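Enquirer: Take a look at the following structure, please.
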Amino acid sequence: MSRPRNFVPLFVTLAAFAAVGFGWLLFAKTEAGRYDAARRVAASFSDIRLGMVVNYDSGPVLRESYRMEDRNGISTSEYHIAGRNGLNVDVKSAPRETYDVSFFFEKAVSDGIWELRNRPPRGTSGVHYTIDVYQLNDGKHGSHAFTFNDPHYWATTGGHQFVIHLDRNKPVPDLLRMSSTTVVEPRYGLLIDDFTSYGSPAFRNDVAAAKLRVLGRRG
């Protein structure tokens, strides 16, 4: 008479294979999702652009402009100066793989390039600034631009911002009791410093030489 066969080891073996197979499928699905996400990030086009244009009401310099770009990790920078005598000088850096513009962009963001707004002409400066920024990353993009003059005025004196309190029971506000606060904003000057101090020593030396050419001086 034969003994009944013990199927417990067989069931344990089959269960183990099933567990391993399920784990492999779960792992493969997770890794496939990570791979697709990484591939999308690697394939996504990134673009960072920052610029500052400086216009002068008088003097030998008519206009200066700074332009920095980073496209998929390839950075370029340009400087242009135009004199009232008709002389124009350009300085351009060769495209290269570097994080210079990315680091500059982060500095400009921390100094308020997305937050600052247009300011009306104030102070006595005849120098006018326009700053712009553009970013494209992972299919999302945004841009911003603003103009101002006399950053020293906004950093030290500023203007007054009036607050009118409206009362439902008094439709006409009491103009003698308006509250006001002084608007002082030093970040305009910080951004100017960011642009004018950007670049490698060689690039900044070329910018300085271009200015001397327009001013009619020798370096």
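Throughout, read-outs are computed from the coordinates displayed, never taken from laboratory work. No experiment lies behind these values; they were computed from the predicted model shown. With ideal geometry, Cβ positions are generated from the backbone for all residues, glycine too; neighbour counts draw on all protein chains shown.
Enquirer: What's the local net charge at Val133, with K and R +1, D and E -1, over the other residues with C-beta under 14 Å away? Kindly include the intermediate steps, with their values, before the conclusion.
Expert: On the way: positive: Arg49, Arg67, Lys107, Arg117, Arg187; negative: Asp47, Glu69, Asp70, Glu106, Asp111, Glu115, Asp132, Asp194.
After counting each charged neighbour, the total is -3.
Enquirer: So which aspartates and glutamates can Lys211 reach, going by Cα to Cα under 15 Å and dropping same-chain residues fewer than 8 places off?
Expert: Cα-Cα hits under 15 Å: Glu64, Glu78, Asp90.
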